[in-house]
Amino acid sequence: MKVDVMEKPQFNVDQVVPASVAARRFGEVRKNAKIAPQFISDNNRIDTVVQSYEAYEKMFMELEILRELAWEYNLSLRIQDADQNPNRYSLKEVMGDHGFAEFQKVNPDDIADDDLFG
């Protein structure tokens with residue numbers, strides 16, 4: 001399955017605001033950002049993006065969903081590999097470096113028995 005992905009965001013010239021203008025007209029930039037993201041330029045290069053909180057929240061939630069899907073996909077690949085190669089795996093191999101490092105930080109005495117077994 002092929003997914004089309006833009007290499008960079010696309011926008012029009014009406015959305016680009018020089019930093020000096022944005023500083024003087026911040027209220028106008030905020031108002032326009034509720035309609036479409038505003039791209040603040042500094043030395044003719046895009047430096048900052050101002051967008052509505054609603055757009056940011058939507059983008060954040062979509063990113064979290066994609067992270068979860070990627071995690072589940074990688075987990076399914078590991079399970080598939082384990083099913084096809086029924087050798088023993090260490091906990092570190094199963095959890096991955098980051099997951100194993102987080103696991104090692106857990107102090108079992110910090111968790112009440114009722115929370116664990118109740």
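The values are calculated or read from the model by the stated rules, or taken from the named source; none is laboratory data. Keep in mind the model is a prediction, meaning the values are calculated, not measured. Methodologically, a virtual Cβ is constructed for each residue, glycine included, from the backbone with ideal geometry; neighbour enumeration extends over all protein chains shown.
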Fill in the blank from the handout: Residue hits (the range 1-25; modelled with pLDDT of 90 or more, of a type outside the set (Val, Ile, Thr) and more than 15 Å from ALA55 (Cβ to Cβ)) are PRO18, ALA19, SER20, ALA22, ALA23, ARG24, ARG25
Problem - So ALA19, is it of a type in the set (A, V, I, L, M, F, W, C) and out of contact with any Ser or Thr (no Cβ under 9 Å at 6 or more places or on another chain) - result: no
